[in-house]
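Working notes, beginning with the structure itself.
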Amino acid sequence: MESIRFAIIGCGAIAQKHVAALGRIGNAKLVGAFDIDSRAAGSFSEKYSVPVFDNIEDLVEKTDPHVLDILTPSGSHGENILDLIRFNRHFVVEKPLALRLDQIDGILDECDRRGLKIYVVKQNRFNPPIQKLKEAIDRRRFGRLVLGTVRVRWCRPQGYYSQKPWRGTWAFDGGVLTNQASHHIDMLIWLMGDVESVMAKTATRLVNIEAEDTGIAILKFKNGALGVIEATTATRPKDLEGSISILGEKGSVEVGGFFMNELKTWNFAEPIEADADIFKTHGKVPEELGWNHTEFFKDVVRSINEVKKGLIDGIEGRKSVELINAIYESAETGSEVALRFAPKKCRLGHEYDSTNLKWKTVV
């Protein structure tokens, strides 16, 4: 298989996991990086011995990457991809794909036109407990699904948001639902199926930000099951959990820990032989840095080399953003929102124009 070359765009904290993950894959290579902050780029290069470049044109010309790995702030993803698509490279992008649905649809259309692949980093789908949970659902061990619940009870004090001015803004980040809980929301959709409608409430309780630090949503899935999303960064004084529970007529499973990384409950009315050792064989995510990122990148490399669909492509990445937009729409209007829908009141991806006293789209 061909060795796939990756170039990183954005040398922030998350980049260390991408470096570690790519370093473990024999047919993947990190060939260069770029960041608009020259100090961040310099520190990255010194720490990881990766060449950095003053501009993206030089990066692409001199390293000839197969994939551009977008690790910029959330609200910049869409604009970055639309700008870089001229280089005709595949994309990996940290969640979310973009904040606005119209921007995502434009990206997907243009990638299709150019024959480019795009992969959204949802690394927790590869967690061993989650993989076995997905397998049990696919084998219909639960029977009829009844209820799916995610709980994100994390602590993010004011200092976290003040550290980066884009955090907690509608234009470039959103709140707990868009940022911290987006992996859990993606997981709920992946395991429970497509969402028919949502009702939601949000609040900003303990920090001074534009968006919410607390949100709840009630979902109705197309298969008739219900779902609950509970997410907050107002847990004090420290993080509590990041979990998912799936209940069906023949079984109940909970995966807890901080990031859906530890199996807590595995009960089925009709046990199979493998259930006896499930906590030993698939109970936890290995502790090495970026382990599940490694599994994600293996899937990306395999998808490119074998010319087949990756587990989390652009279409999959769109689903969680659509639901998050619908949650905000419901919270804003006080009404149940059906999916698919066109946002009217959702402020995500917009900023306030204080001159004309209205919200405007961020280009």
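Points worth noting:
- Using only side-chain charges placed at the Cβ, +1 for Lys and Arg and -1 for Asp and Glu, the dipole size of the range 230-363 relative to its Cα centre rounds to 680 debye.
- The chain: antiparallel DSSP beta bridges as a percent of all, rounded to 5: 60 percent
- Model label sites at A342 and A13, defined 7 Å from Cα along the beta-carbon direction, differ in position by 3.9 nm.
- Taking 7 Å steps out from each Cα toward its Cβ at D54 and K201 produces label points 5.6 nm apart.
- Centre separation in Å (Cα based) which lies between the range 199-235 and the range 36-68: 38 Å
- Hz values of 3J(HN,Hα) by residue in the range 154-162 - Karplus curve (6.51, -1.76, 1.60), Gly and Pro given as x: 10, 10, 9, x, 4, x, 4, 6, 6
- Here's the picture: charge each Lys and Arg Cβ at +1 and each Asp and Glu Cβ at -1 in the chain, and of T361, F268, T202 the one pushed furthest to the positive end of that dipole is F268.
- Lysine pairs with alpha-carbon atoms under 30 Å apart, the range 111-235, spacing 8 or more or separate chains: 17
- Inter-label distance for T333 and K134, nm, one decimal - labels placed 7 Å from Cα along Cα-to-Cβ: 3.2 nm
- Cα-based shape type of the range 57-174, given that a ≥ b ≥ c are square roots of the gyration tensor eigenvalues and the cut on a/c is 1.5: oblate
- Listed candidates [x] 21.4, 64; [y] 23.7, 86; [z] 20.4, 67 - label of the one calculated as Rg and Dmax of the Cα atoms in Å: [z]
- For the range 111-189: rounded, prolate or oblate by the Cα gyration tensor [a/c cutoff 1.5]: oblate
- Annotation: extensible slack from S252 through A20 equals 80.1 nm (criterion: 0.36 nm per residue apart, minus Cα-Cα distance).
- Label-zone membership for the range 107-147, site R302, 7 angstrom Cα→C-beta point, backbone N under 20 Å: 117-139
- What the Cβ-Cβ distance of A276 and K164 gives, at R0 = 51 Å and to the nearest 0.05, is a FRET efficiency of 0.60.
- Listed residues G310, G349, G334, most fluctuating in the chain (Gaussian network, C-alpha, under 10 Å): G334
- Estimated from helices alone, the mean residue ellipticity of the chain at 222 nm is -10000 deg cm²/dmol (sum of -39500 (n - 2.57) over DSSP H runs with n ≥ 4, per residue).
- Here the calculated FRET efficiency for R144 and K309, from their Cβ-Cβ distance with R0 = 25 Å, stands at 0.30, rounded to the nearest 0.05.
- Using 0.36 nm per residue and subtracting the Cα-Cα separation, the extra length available between E351 and R39 on full extension is 109.5 nm.
- Per-pair calculated FRET efficiency, R0 = 30 Å: L240 and E287 via Cβ, rounded to 0.05: 0.90
- Shape category assigned to the range 248-363 from the gyration tensor of Cα positions, a/c cut at 1.5: prolate
- Positive-end residue, the chain charge dipole about Cα centroid, Cβ charges, pick of F259, A225, I8: A225
- Choice from D213, D186, D83 showing the highest fluctuation, given a GNM over the chain with Cα pairs closer than 10 Å: D83
- Placed amide H near V121: partners under 5 Å, 5+ positions off or other chain: V93, E94, K95
- In the elastic network of the chain, a GNM with C-alpha springs shorter than 10 Å, the most mobile of S49, S245, S182 is S49.
No value in this document is a laboratory result; all are computed from the given coordinates. Please read all numbers here as calculations on a predicted model, not as lab measurements. Positions of Cβ are generated from backbone atoms using ideal geometry, with glycine treated the same way; all protein chains shown enter the neighbour counts.
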